[in-house]
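Trainee: After the structure tokens below, expect a handful of questions from me.
The values are calculated or read from the model by the stated rules, or taken from the named source; none is laboratory data. A quick note: this is a predicted structure, and the numbers were derived from the prediction, not measured. Neighbour counts are summed over all protein chains in view; Cβ atoms, including those assigned to glycine, are modelled from backbone coordinates with ideal geometry. In case anyone asks, the SASA skips ligands and DNA or RNA and just uses the protein heavy atoms, side chains included. Shrake-Rupley method; radii C 1.70, N 1.55, O 1.52, S 1.80 Å.
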Amino acid sequence: MSNKSIALNDQVYDYFLSVSLREPAILQQLREETASHPRSMMQIAPDQGQFLALLIQLIGAKKTLEIGVFTGYSSLSVALALPKDGKIVACDVSEEYTAIARRYWQAAGVSDKINLRIQPAIQTLDQLLAAGEAETFDFAFIDADKENYQNYYERSLKLIRSGGLIAIDNVLWSGQVADPQIQDKSTEAIRAFNKKLHQDERITLSMIPIADGLSLARKL
């Protein structure tokens, strides 16, 4: 018994995956290909992808945002969980990384659900707001450059409907946010963002110690 979250060593984590992970073959293939990528640490954990898919189903999401695509594991997880008429507006700046994502979206038969915008995400979010799409999205996943987290969050909050959900990745940042001696720009940005969310009365909040930390903000 424990009154706080237990630490997951490799043995416990392997057991956890063995009795909980239901990873489709296409996602496993993508994860394994990305494992050899020089920036493989940018990929989310498979249990996190499964959790995002469950959130999509729980809230009945149809229209979603993704800020930060990389090779597409999170967007593919979400797309597979969306209904046939579901849509993702996916934001990234890399044609190189997202070429892998496109290939797997096509193989999984979900490419028609995903509108990939290759440009700075703030530009895409501002375009969506200018087009009158405020409060029309059900879900957003933020996993991009940390120094812009507050900008992404504020725009996503405008785009999400009341009762919609924003999921923000890397909020524990490998534990560096808890070490006051670490003061690089990304770590400081995440600290400031976490404090902002904790005090934000426009949302209900839960920070989940899954993977590198995931905050869930439900818009009131």
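Trainee: For Val69, only one of the following conditions fails: (1) touching a residue at least 40 places away in the same chain (Cβ under 8 Å); (2) open to solvent by 60 Å² or more (accessible area, probe 1.4 Å). What is its number?
Mentor: (2)
Trainee: What number of residues within segment 83-141 are farther than 26 Å from Ile59 by Cα and aromatic (Phe, Trp, Tyr)?
Mentor: 1
Trainee: Just name the residue that is farthest from Leu80 (Cα to Cα) out of those in segment 2-56 that are basic (Lys, Arg) and in contact (Cβ under 8 Å) with a residue 12 or more places away in the chain.
Mentor: The selected residue is Arg39.
Trainee: Right, another one. Restricting segment 206-220 to residues that are hydrophobic (A, V, I, L, M, F, W, C) and not in a strand (DSSP E or B), which is farthest from the chain's Cα centre (by Cα)?
Mentor: First pass over segment 206-220, keeping only residues hydrophobic (A, V, I, L, M, F, W, C): 207-208, 210-211, 214, 216-217, 220.
Remaining after also requiring not in a strand (DSSP E or B): 210-211, 220.
Working: Ile210: 12, Ala211: 11, Leu220: 20 Å.
Checking each candidate, the answer is Leu220.
Trainee: Mind counting the residues in segment 112-148 that are out of contact with any Lys or Arg (no Cβ under 7 Å at 6 or more places or on another chain), of a type outside the set (A, V, I, L, M, F, W, C) and under 15 Å from Lys87 (Cα atoms)?
Mentor: So the count comes out to 3.
Trainee: A further question follows. If you take just the helices (runs of 4 or more DSSP H) that sit entirely in segment 1-83, which of them hold at least 1 residues that are out of contact with any helix residue (DSSP H, G or I) (no Cβ under 8 Å at 6 or more places or on another chain) and among the aromatic types (Phe, Trp, Tyr)?
Mentor: Per the criteria, 10-20, 46-59.
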